[in-house]
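To keep things clear, I will list the structure first and then write my remarks on it.
Nothing in this text is a laboratory measurement; each read-out follows from the coordinates by a stated rule. Predicted model only: the values in this text are computed from it and were never measured. So basically every Cβ, Gly included, is an ideal-geometry build from the backbone, and we count neighbours across all protein chains shown.
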Amino acid sequence: MSIEVQNVTFTYQPGTPFATTVLKDVNVDIEEGEFVGLIGHTGSGKSTLIQHLNGLLLPTAGRVLVDGSDTKEKSVRRIIRRKVGLVFQYPEHQLFEETVAKDVAFGPENLGLAQDEIQERVEEALVTVGLPPNEYAKRSPFDLSGGEMRRVAIAGVLAMGPSYLVLDEPTAGLDPRGRDEILGQIAELQQKQGLTVVLVSHSMEDIARLVDRLIIMYQGQVVATGEPRKLFQQADELKELGLGIPQITEFMRQLHQDCPQVSTDILTVDEAVPEILAYLRGQAHA
């Protein structure tokens, strides 16, 4: 079970004066159960790449295989789109039904499922995203907060029963509490259900604390892939790509200049606390 992106090149409006190549010979493998982060500056090709993962866009050259099925094969594309759930940035803009339950049920109904199964999927998806069905099912999605609307949109994708969940900046525009709630639920989904998750984000802090593996894009190409802890040690190289590192990692790098004993291999505040306390104790006894 995996998604394989093999030598994919993609050109918008090929054969016209407006032709623009957005992806250039991209190779990526996403294995079952992984939590993968995808980063790159604006225009690096991230959003174009993830639209290839479920066949919304098809390669100009190369191919994308989802569990061995080629997205170019029209006969299997519907199955692929059931397997790979794609949540766009600001997905709440796609809400349109009268009630939350009807919106979440839209996808399963299009699968031709029995009504009992649709009802079960709707309720399960709402519980998964932290919206109790007895409180939210009959409400209008347009009466909800921004964070709640975002969760309804994600529930609609989950109700399709995907094996892969691909999220393009799922916390964009949310306040800190809403962001933490959404990301916490996504992390819980990945851990409890073994869901494969691909997260596109500009937040290095979110990426650092959530993902197992990082894919970095620059000008339509994959330029690096590996563990976040290792890649975030390459601050100068990332800066050249228009990217930063988590703020706490940068703070520890600065502290390391005054106290070489302090580790720079830090991704979260929780990891930094014992290092900083040791530093302060050392200063007190100096």
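Assorted remarks:
- For region 109-170, chymotrypsin sites (Phe, Trp or Tyr not before Pro) meeting the loop criterion (DSSP other than H, G, I, E, B) and having at most 16 other Cβ atoms within 10 Å: none.
- Rg(Cα) / (2.2 N^0.38 Å) computed for region 114-245, rounded to two decimals: 1.21
- Our summary of shape: the Cα atoms of the chain have principal axis extents of 72, 52, 34 Å, ordered from largest down, in whole angstrom.
- Volume per residue of the convex hull around the Cα atoms, evaluated for region 246-286, comes out as 54 Å³.
- Placing a pseudo-label 7 Å from each Cα along the Cα-to-Cβ vector at R229 and Q193 gives an inter-label distance of 2.9 nm.
- Sequence-separation-based contact order of region 246-286, relative, with Cα cut under 8 Å and 6+ spacing, percent: 36
- Theoretical gain in end-to-end length, Y12 to N134 [0.36 nm per residue, Cα-Cα removed]: 39.4 nm
- Selection of chymotrypsin sites (Phe, Trp or Tyr not before Pro), region 1-100, meeting DSSP coil and at most 14 other Cβ within 10 Å: F18, F96
- The angle separating the long axis of helix 74-83 from the principal Cα axis of greatest extent in the chain is about 60 degrees.
- Legend: residue pairs K102/K192; K138/K192; K83/K230; K46/K230; K74/K192; K46/K102, Cα-Cα distance threshold 23 Å; pairs beyond threshold, K102/K192; K138/K192; K83/K230; K74/K192; K46/K102.
- Whole-number percent relative contact order across region 73-157, with pairs defined as alpha carbons under 8 Å at least 6 apart: 43
- Axis of helix 176-193 versus longest Cα principal axis of the chain: the two differ by about 70°, to the nearest ten degrees.
- Loop sites in region 77-162: trypsin sites (Lys or Arg not before Pro), DSSP, at most 16 other Cβ within 10 Å: K138, R139
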